[in-house]
Amino acid sequence: LIEALDRARGPGQHRTEAEVHNELGELARAGGDGEAAAHHYAAAVAIWQALGSANAVVGSLNQALVAVDRGRFEEARGMLADLRSRPEGLPEAFGAPFLLTTALAALGCGSPRAAGQALDGAVEALEARGRALEPESMRVLAQLADLARDLGEAGLALRTRDAIRRLGALERVRSRGRPGTRGLWFLTWDPATTMIAARTYSPSLRSPPS
């Protein structure tokens, strides 16, 4: 990918360069290198914004998720606020991922009520459209359930587990060529310990969900 990035820096290759940066961000994030992930996502967002591409929303959500992964919940909340204030608004397809990320950031900032409201909004939007969860959204839900449990927010943990069950996220999910997904993803829930575990590498959001 580093070689691909070098080749993508030629004239007329800006879109490819942004995509490679985003992919490098995904790999860095999967490997636990939050600093490198943030760098590559920021580079992708800058290019997409310059091109006027809606994919800038994808990159910005990925940036917020990296901030959450690093425990920088206030920073993530600020990024999400910037996204919400976009003059053109958020594309409908990004509504649920945005709300789920908002829920996680809010809980990390000590606002369980705001987290619950965002969770309910995301679930309502997904159920109204009959949509399955994207792999990255599954991971965020698992994080939310775990964080709620760790913080002693038993009610929110139960609501999150219920959302996972209702959305069918406890079953194995295999991508079938949909943009932004690949590989095998599944969540497991142990009712005895109330723990939810996400298994197998999942890429971050890369393009508007179909």
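Normalised by the number of residues in the range 77-142, what is the relative contact order in percent for Cα pairs under 8 Å and 6+ residues apart? Kindly include the intermediate steps, with their values, before the conclusion.
Values: 46 pairs, mean separation 20.0, N = 66.
Computed value for the range 77-142: 30 percent relative contact order.
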| said: What number does the range 5-164 give for Rg over Rh if you use C-alpha atoms and the Kirkwood radius? | reply: 0.99
| What percent does the relative contact order of the range 17-65 come to when contacts are Cα pairs within less than 8 Å and at least six residues apart? | 34 percent
| message | Just to check I understand the Karplus step: with θ = phi - 60° and J = 6.51 cos²θ - 1.76 cosθ + 1.60, what whole-Hz values come out for the range 104-109, glycine and proline as x? | response | 5, 5, 5, 5, x, 8
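Every read-out reported here was derived from the displayed coordinates using simple, explicitly stated rules and does not represent laboratory data. Quick caveat: nothing in here was measured; it's all calculated off a predicted structure.
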